[in-house]
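K.L.:
Structure in structure tokens, see below.
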Ligand SMILES: Cc1cc2nc3c(=O)[nH]c(=O)nc-3n(C[C@@H](O)[C@H](O)[C@H](O)COP(=O)(O)OP(=O)(O)OC[C@H]3O[C@@H](n4cnc5c(N)ncnc54)[C@H](O)[C@@H]3O)c2cc1C
Ligand SMILES: Cc1cc2nc3c(=O)[nH]c(=O)nc-3n(C[C@H](O)[C@H](O)[C@H](O)COP(=O)(O)OP(=O)(O)OC[C@H]3O[C@@H](n4cnc5c(N)ncnc54)[C@H](O)[C@@H]3O)c2cc1C
């Protein structure tokens, strides 16, 4: 195996030069760790290749295709371990050097970037023109555009702006056979040809390797304010219902489990955390109206602006994503929005108020984080609850041993044949992230 | 050999099978009754189907599709037939599966803001069904009082309010599909981002080439507290375009922004006689803003200032529903009005980067003069989606060909400046030969992979979207056509 890896590294070095290839011994420890968390066999000896251009990326994949090497696409590899466990990988292809901005059409509110560009770098460029990509994914400092698209990873802002799929206007990708293809375009409205942007969003690197993406961007909101309501589940449910049925236009409406509220020292009970981002007159009035709802329902009410607000959101994100001492288990969930509070109540109960939970109240999508102790039981219970409310539970991060005990994806529909055929058509030799996706795709 | 196959179809036993599924009333086969189904909104292309089937349920659709599959008969889905790209245009010896009887709203879940409908439900019925409770369905094509949700899904239709809230695809959560082999699958759900590939997103905009949607789960939105429409009129169209850029540049995202030029202003004034668009204006700009009252008031003021700065002669605003509808009425009647101005019109819907507006309008004017046809321009200015209406007389021999050539030049222009062939009407039969302007052979081959998965025998809506050597000559790319020979048998 080791020898094989050496041969692969040599072949790739012949194509791209030594600076583009790194063998296992020379991979940073943190990245070794991410890769090991992704691949099941103990044989994690593999090399990483760093193409510098789209055409180099195409050359590498064409070579992998010829040699039938199993490829693991990665960006900066934060979420590399998300989803299924790979049976084996011959080469990891990193997009981290494909990080250029191709075109920022300021007046057209679009930006086209290479897949390895970090979202945080892109946001800094956009901010200079008063714009932003309306995504607040996990690991926002390191997440790359390709990784965000491949995992469909959006955050709280989806309340106003939608998911990754709603923002992606065009893509280029390298197919399994090494050919470069594209779909969509660089304009905000376009129906020419099939919408392969949607197909690739959330495909976890199984259909092709994304090389470029065009996003819709938005003007940065003038002002921002966050209202926090805390209390017992029933009152929080009522506040949520009132808010969603009102004419208020929040950009984020998040429900948080009791443990989150406790950990942040916000109070006692479940939390409803609502962000308004708009012109100043509007956010003031919207916050006031929501605070009134909270007071009427006897909830503990507070509101945040400026640095306090930024810090609050930072801490909320860390509750889910900060690395702990032990490996934790992180799941993505979905359910009908009306079941959201019941879901967090169940989480509180089965985790003895230790489970970290977040549900975006408008969409019913969310995240759960458990301590590994007794996690299998919790995950199983939460999954059947979500499924009984038209939803799902997918295990994103967990120790491999845990993932091997259950179906990580939790797909319960009847379109598997279709999905398998799509995979077969796009990647007939099954070289791209093999066996990592739904039903072993 | 294939041609022989076609001639050998013995329709009577097949029609009997359809009748067994949908009853005698659900099958149309008399020549004069079939006339209605010869074309969609692109009336210059016509082809009579062999038979029309009108199912009422998913199971009936599945059975009808299976009959086609067993007998190797091509079929085309049709909703209300208002499509403007020939998407529902029949092919020779085909079965047309029409969803006109599938008109039930199956479920309304206000609290979860979801509605489940059958595909034949008319677009504005959805809003009507939920407006009492303060909700609406956002995508609002101008044809909304007649077009079907199934057709909207297939075309990924847009409307004048899609600038802020997105087009059809942003509002479809799940679908029940009958695939071309007659199997039934559910994709998406009432919850977004279910595990697995986003087949819902892939299906929306696939123009009836991947199967038939028989149940559609839609997202509905809460009606804004306050809505205001501004009408500004300008003595030159560039100033209207500049106002659009400045509004966007100022950080405001209106619900919609529309421009009409002098020719279309006069056309609608003639027809619907609204009396609110000044006939001597070079262009009018309609802007709708919504949100909280304070927000609408502030944005209204800023937009009015921007328009004035760009030379608007006058600005009218309306907050109440009745006046707002009146201001929109002319815009929504623009296509119909074009039909009154001239015996025929041909509409395109290319998209350009908003910032190229002035340049492209000038080029369109040049093309109009070069070809000698008048062109009325109405467009979704906020997202750069143009609708040049080329006025002509189809009874003049050769006119249609000329007009199509002119339309083609406009599309090439849109692609050249970085835009797209179509913003909302679809490629259909109409624009497929221009696809190579926008996509490489590899791009098209990759899209054909998708079609190959869903529609391996090519029976579902053949001859649409993708260029073929037979209809497009050299424009079609030889390689992928060869690989997908089976698809183009009909
Ligand atoms: C505070 C902190 C804590 C962290 N904790 C963790 C942790 O607990 N666990 C952890 O794993 N990481 C952790 N990270 C790592 C994180 O920093 C990552 O390096 C970073 O987010 C990059 O991920 P990515 O978006 O590039 O996608 P990746 O993680 O590289 O990839 C995600 C998925 O997308 C696919 N993919 C990526 N690019 C493409 C492409 N171009 N085309 C097709 N498919 C593609 C991959 O195959 C994979 O399936 C942490 C980081 C920080 C700052
Ligand atoms: C006056 C006028 C104004 C218009 N304004 C707009 C506008 O503002 N915005 C806009 O986007 N469009 C507009 N259109 C175009 C047209 O109304 C839309 O494309 C509409 O969505 C078509 O719906 P339909 O029910 O008429 O579909 P049809 O024309 O019957 O079919 C359109 C396509 O959908 C397929 N199809 C139909 N039903 C199904 C189904 N259930 N499953 C799968 N495929 C199916 C057909 O095969 C065909 O390819 C306008 C048209 C007219 C005539």
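K.L.:
For a paramagnetic label modelled at 7 Å from the Cα of residue B:145 toward its Cβ, which residues of the stretch B:264-296 fall within the zone defined by backbone nitrogen distances under 13 Å?
P.N.:
Answer for the stretch B:264-296: B:272.
K.L.:
Residue by residue through B:436-448, how many Cβ atoms from other chains fall within 10 Å of the Cβ on average?
P.N.:
Values: counts 0, 1, 5, 6, 4, 2, 6, 8, 3, 3, 14, 7, 2.
Partner-chain Cβ atoms within 10 Å, mean over residues of B:436-448: 5.
K.L.:
Follow-up question, since we're still on this one. Listing A:370, B:379, B:454 from the residue with the fewest other Cβ atoms within 10 Å to the one with the most, what is the order? The partial results should precede the final answer.
P.N.:
Working: A:370 25, B:379 28, B:454 21.
Exposure proxy ranking, most exposed first: B:454, A:370, B:379.
K.L.:
Regarding chain A, what's the average projected area of the Cα-atom convex hull, expressed in nm²? Can you show the working numbers first?
P.N.:
Values: hull surface 82.0 nm².
Average projection, Cα convex hull of chain A: 20.5 nm².
K.L.:
Only Cα pairs under 8 Å and at least 6 apart count here; give the relative contact order of chain B as a rounded whole percent.
P.N.:
Values: 1054 pairs, mean separation 68.8, N = 490.
With pairs under 8 Å counted, the relative contact order is 14 percent.
K.L.:
A follow-up question, please. Estimate the FRET efficiency between residue B:293 and residue B:133 by the formula 1/(1 + (r/R0)^6), using the beta-carbon distance for r and 25 Å for R0, to the nearest 0.05.
P.N.:
Values: r = 21 Å, r/R0 = 0.82.
Using R0 = 25 Å, I get an efficiency of 0.75.
K.L.:
Could you state the angle between the C-alpha long axis of helix B:357-371 and the longest principal axis of the C-alpha atoms of chain B, as a value from 0 to 90 degrees rounded to the nearest 10?
P.N.:
It works out to around 70 degrees.
K.L.:
Determine the distance separating the Cα centre of the stretch B:362-419 from the Cα centre of the stretch A:234-270; give it in Å without decimals.
P.N.:
The distance from the Cα centre of the stretch B:362-419 to that of the stretch A:234-270 comes to 53 Å.
K.L.:
Additional query: Report, as an integer, the average count of C-beta atoms from other chains found within 10 Å of each Cβ along A:416-424.
P.N.:
On the way: counts 2, 4, 13, 7, 1, 5, 9, 2, 2.
Going residue by residue through A:416-424 and averaging, the value is 5.
K.L.:
Same structure, new question: Contact order normalised by length for the stretch B:11-100, with contacts defined as Cα pairs under 8 Å and 6 or more residues apart; what percent is it?
P.N.:
Numbers: 162 pairs, mean separation 30.5, N = 90.
So the answer I get is 34 percent.
K.L.:
Same structure again: Given the Cα-Cα distance of residue B:109 and residue B:223 and 0.36 nm per residue of separation, how much length would full extension add, in nm? Don't skip to the end; give the middle numbers.
P.N.:
Values: separation 114, 0.36 × 114 = 41.04 nm, distance 1.57 nm.
Residue separation times 0.36 nm, minus the Cα-Cα distance, leaves 39.5 nm.
K.L.:
Right, next: When A:284, A:423 are ordered from fewest to most other Cβ atoms inside 10 Å of their Cβ, what list results?
P.N.:
Fewest-to-most Cβ neighbours within 10 Å comes out as A:284, A:423.
K.L.:
Sticking with this one: Please give the FRET efficiency for residue B:395 paired with residue B:440, using the beta carbon to beta carbon distance and R0 = 25 Å, rounded to the nearest 0.05. Display every interim value, and only then the final one.
P.N.:
Details: r = 40 Å, r/R0 = 1.59.
Result of the calculation: an efficiency of 0.05.
K.L.:
Averaging sequence separations of C-alpha pairs under 8 Å and six or more residues apart, then dividing by the length of the stretch B:122-172, give the relative contact order as a whole percent.
P.N.:
On the way: 66 pairs, mean separation 19.0, N = 51.
Result for the stretch B:122-172 is 37 percent.
K.L.:
Rounded to two decimal places and with Rh computed the Kirkwood way over Cα pairs, what is Rg over Rh for the stretch B:11-100?
P.N.:
Details: Rg = 12.1 Å, Rh = 12.9 Å.
Radius of gyration relative to Kirkwood radius: 0.94.
K.L.:
How far is helix A:54-67 tilted off the main Cα axis of chain A, in degrees rounded to 10, range 0 to 90?
P.N.:
60 degrees
K.L.:
Can you put A:195, B:233, B:69 in order of Cβ neighbours within 10 angstrom, beginning with the fewest?
P.N.:
On the way: A:195 26, B:233 23, B:69 18.
Ranked by crowding around the Cβ, least crowded first: B:69, B:233, A:195.
K.L.:
On a full-extension model of 0.36 nm per residue, what is the gain between residue A:322 and residue A:232, subtracting their alpha-carbon distance, rounded to one decimal in nm? List each step's numbers first, then the result.
P.N.:
On the way: separation 90, 0.36 × 90 = 32.40 nm, distance 2.67 nm.
Between residue A:322 and residue A:232, full extension yields an extra 29.7 nm.
K.L.:
Simple spin-label model, 7 Å along Cα-to-Cβ: residue A:30 to residue A:13 in nm?
P.N.:
If labels sit at residue A:30 and residue A:13, their model points lie 2.7 nm apart.
K.L.:
So if we plug the beta-carbon distance of residue B:59 and residue B:236 into 1/(1 + (r/R0)^6) with R0 = 60 Å, what FRET efficiency do we get, rounded to 0.05? Each step should come with its number before you reach the end.
P.N.:
Numbers: r = 58 Å, r/R0 = 0.97.
With R0 = 60 Å, the Cβ-Cβ based efficiency is 0.55.
K.L.:
Could I have the simple spin-label model distance between residue A:401 and residue A:307, label points 7 Å from Cα toward Cβ, reported in nm to one decimal?
P.N.:
Each label point is offset 7 Å from its Cα along the Cβ direction, giving 4.5 nm.
K.L.:
Could you work out the mean count of beta carbons from other protein chains within 10 Å of each residue's beta carbon in B:289-297?
P.N.:
Average per residue, whole number: 5.
K.L.:
Enter the Cα centre distance for the pair the stretch B:157-201 and the stretch A:155-205, rounded to the nearest angstrom.
P.N.:
If we compute the Cα centre of each part, the gap is 14 Å.
K.L.:
Using alpha carbons only, how many angstrom separate the centre of the stretch A:300-344 from the centre of the stretch B:112-137?
P.N.:
Here the answer is 33 Å between Cα centres.
K.L.:
Further question on the same structure: Please determine, in degrees from 0 to 90 and to the nearest 10, the orientation of helix A:2-16 with respect to the longest principal axis defined by the Cα atoms of chain A, where the helix direction is its Cα long axis.
P.N.:
The two axes meet at around 90 degrees.
All of the numbers you see were taken from the coordinates with simple rules; none came from a lab. For clarity, every value in this text was computed on a predicted model and none was experimentally measured. Backbone-built Cβ (ideal geometry, glycine too); neighbour counts: all protein chains shown.
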